[in-house]
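The values are calculated or read from the model by the stated rules, or taken from the named source; none is laboratory data. What you see is a predicted model, and the numbers here were worked out from it, not measured in a lab. Glycine gets a Cβ as well: all are built from the backbone with ideal geometry, and neighbour counts include every protein chain shown. Each accessible area value is taken on the protein alone, full model and side chains, heavy atoms only, with ligands, DNA and RNA left out. Shrake-Rupley method; radii C 1.70, N 1.55, O 1.52, S 1.80 Å.
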Amino acid sequence: GGNDAGSESLANTLNASAKSFQAAENNATSGIALLELAENALTELNNLATRLKEVGIADTQSTNTTADTAALNAEAIYISDTIDSIISSLTYNSINILGTSAKTFDVGINDAGNTQEIKSTTGITTTNINDATGANGSMDTALGEITQSLGAVAGSLTSLQAYRNVATTTAAHLMEAASNLQDTDFAEETAKITKQSLIKNYALAMVATANAEEIEKLKLLA
């Protein structure tokens, strides 16, 4: 009937919406993975910048020998190159997620196609250090930028995890609602078929009994 068709149509709509929320859940999961990669890299950059600051401080010692200074310069250059390489080359799905300027991405969060902006960095200036002299001052700037970026990532993660939880829960509820609608229809249809089958079988039984009685009468007449 019309109600059955309407229920099926609604169930289909609910299932379609559930699939959209599942897609949003997948989007959020991908965004979270991107942010976690950025967070790990930023934590490593923080360690490297902290060490480079220590090298800069060590370089200010007047007791340093020429060999000491050469060693500090070599380490400073190596750490600086490593920091700059991570900032410029870290990618997720072939997309650079760090850099000298802020990086933002839009992630779909629901069935309506709404998006949430996430930020993987606020931007970190290239260190570009050629010796240990003054590295401690440069690293104060870098450490501040890394800390800001970590804050942006943490906020983005919290937001996206919340949206993913909503998408996961909503998809599950929608699928359950659709399933319940379809199960009710299925139960009703099964009941109808069973009832029709019983009536048909009862009618056949009655005909068979009547025929048997007629045969008995014929035998008596014979």
message = Rolling a 1.4 Å sphere over the protein heavy atoms, what is the accessible area per residue of the stretch 1-69, to the nearest Å²?
response = 52
key: Karplus-derived HN-Hα couplings along the stretch 63-69 (A = 6.51, B = -1.76, C = 1.60, θ = phi - 60°), whole Hz, x at Gly and Pro   = 8, 5, 7, 4, 5, 4, 4
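Within the set of other residues whose C-beta is less than 14 Å from the C-beta of ALA132, count the net charge using Lys and Arg as +1 and Asp and Glu as -1. Mind showing how you got there, number by number?
Working: positive: ARG51, LYS53; negative: GLU54, ASP59, ASP68, GLU75, ASP81, ASP131.
Combined, the nearby Lys, Arg, Asp and Glu give -4.
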query = Under the Kirkwood approximation applied to all pairs of distinct alpha-carbon atoms, what is the hydrodynamic radius of the stretch 1-150 in Å?
reply = 18.2
message = Give me a comma-separated list of calculated 3J(HN,Hα) values for the stretch 137-146, in order, Karplus coefficients 6.51, -1.76, 1.60 applied at θ = phi - 60°, integers in Hz, x for any Gly or Pro.
response = x, 4, 6, 4, 5, 4, 4, x, 5, 5
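Keeping every protein chain in place, order GLU145, GLU39 by accessible area at 1.4 Å, biggest value first, i.e. largest first. Walk me through the numbers before you get to the answer.
Numbers: GLU145 35, GLU39 60 Å².
Accessible-area ranking of GLU145, GLU39, largest first: GLU39, GLU145.
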query = What percent do you get for the relative contact order of the stretch 1-160 when only Cα pairs under 8 Å and 6+ apart count?
reply = 31
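Ranked from highest to lowest mean number of other Cβ atoms within 10 Å per residue, what is the order of the peptides 21-33, 154-166, 65-77? Walk me through the intermediate numbers first.
Working: 21-33: 19.5, 154-166: 16.8, 65-77: 15.2.
The packing order, highest mean first, is 21-33, 154-166, 65-77.
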message = Along each principal axis of its Cα atoms, how long is the stretch 90-141 end to end? Whole angstroms, biggest number first, please.
response = 55, 21, 11
